[in-house]
1. Rank-order 67-78, 30-41 by packing density, defined as the average count of other C-beta atoms within 10 Å over each peptide's residues, highest first.
2. Among all the aspartates and glutamates, which ones have a C-alpha under 13 Å from Lys242's C-alpha, if same-chain residues fewer than 8 places away are not counted?
3. Quick check: Cα centre of segment 243-320 to Cα centre of segment 1-73, how many Å?
4. For the chain, what does -39500 (n - 2.57) per DSSP helix run (n ≥ 4), summed and divided by total residues, give at 222 nm, in deg cm²/dmol to the nearest 500?
5. For the chain, set up a Gaussian network in which alpha carbons nearer than 10 Å are linked by springs, and say which option among Phe197, Phe105, Phe156 fluctuates the most.
6. Give the relative contact order (percent, whole number) for the chain; include only Cα pairs under 8 Å separated by 6+ residues.
7. Counting pairs of alpha carbon atoms under 8 Å apart in space and at least six apart in sequence, what relative contact order in percent does segment 103-233 give?
8. So, with a 1.4 angstrom probe, what is the percent of accessible area on segment 213-290 that is carbon and sulfur?
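The values are calculated or read from the model by the stated rules, or taken from the named source; none is laboratory data. This one's a predicted model, so the numbers in the text were calculated from it and none came from an experiment. Glycine also receives a Cβ, built like all others from the backbone with ideal geometry; neighbour counts cover every protein chain displayed. Ligands, DNA and RNA are stripped out before the accessible areas are found, and what is left, the full protein with its side chains, is counted by its heavy atoms. Shrake-Rupley method; radii C 1.70, N 1.55, O 1.52, S 1.80 Å.
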Amino acid sequence: MTSKVMGTGSYVPENIVTNEDLAKLVDTSDEWIVSRTGIHERRIAMDEGTSAMAAEAGRRALENAGIGAEELDVIVLATTTPDNLPPSGACEVQAALGAVNAVAFDIAAACTGFEFALTMVQAYVQTGVYRTGLVIGAECLSKIVDWTDRATCVLFGDGAGAAVVRADESGVIHSVLGSDGTKGPVLTCTSRSTGNFLNGREPKLGYVYMDGQEVFRFAVKKVPECIRRVLDESNTDINEIKYFVLHQANLRICESVAKRLHVSMDRIPMNIGAYGNTSGATVPILLDELNREGKLERGDKIVLCGFGGGLTWGAVLLEW
Ligand code: UT7
């Protein structure tokens, strides 16, 4: 038994922030941002947080799947920007959706969060622990971005994407996930570290820091490597893959992956121009767009692939 994607949903805040808007805030330009990243604009949440966006994406995914919230056995929310600690964002989603029979929890794997969460739910389904799951990637990165740092603030956006999966004969075929904690310092955000009444230190809350070039080098090597592995280990020919749904971190990274895999960019859909990098939400938002545009047919094989903070990476091969 495996898990089939029954429906998808996504949500992005209404508020659009263009490159020109950011050029009024920091020393940057539309030309620099577009040529280095492919980003034209991003959505930034005003009043809503991660849980509200996740719940709306989840509600849309349930509607698309034709499945009631009470049918869900498990909700896994992948996020690095939860609104609260606790309750988990997944518990807030459960409450908002009325998913009374679901166990709900968050996982943190940064930009690979959706692939980690989907693989975890797949393991539950495969072993018969749960039958129906809601997998969400949602981020409110605008809360942890330093809006005075041009090296990072132009890259990120807010949003959420979700998929409802259910036990079936076909669906997820194979996953390859990985982590390298020794490279953690290249992409960090301090959160309430090491402050307590005994040591007298104030809890420290930081902003996102990224060694962009280091992450770039890691991505262009690791993404093709783990895609090749997921294909090899499942005896799948690369020509069988209709789409490679890649984490939207940088258009140039995706172009480099296309080159290294010898596939054309028509098989690597992009939406980074409209939303920027929404971390764990990019892949499910893109998947939802493909689904709603009618670009996926039952039986199509696709690969989802994420990479980012941790460092983490992961590729999931699935039959639609
Ligand atoms: O989702 C998590 C994973 N994250 C990623 O995959 C991100 C991977 N990294 C990247 O996408 C790229 O490294 C960036 C887009 C972050 C940066 O592009 P780059 O081509 O590596 O630029 P750079 O960091 O080498 O910076 C080049 C120049 C520097 O100036 P100097 O030293 O050459 O004078 C920067 O100070 O561009 C400058 N710069 C900017 N200029 C205008 C950096 N940010 C900006 C900016 N506007 N926003």
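1. Values: 67-78: 22.6, 30-41: 17.3.
Those peptides, ordered most packed to least, come out 67-78, 30-41.
2. Asp266, Glu297, Asp300, Glu319
3. 14
4. Details: 10 runs with 103 residues, N = 320.
Helix-only estimate at 222 nm: -9500 deg cm²/dmol.
5. Largest GNM mean-square fluctuation: Phe197.
6. Working: 797 pairs, mean separation 82.0, N = 320.
Once divided by the residue count of the chain, the mean separation gives 26 percent.
7. Values: 132 pairs, mean separation 25.5, N = 131.
Over segment 103-233, the number comes to 19 percent.
8. On the way: 1450 of 3100 Å².
About 47 percent, which is the carbon plus sulfur part of the accessible surface.
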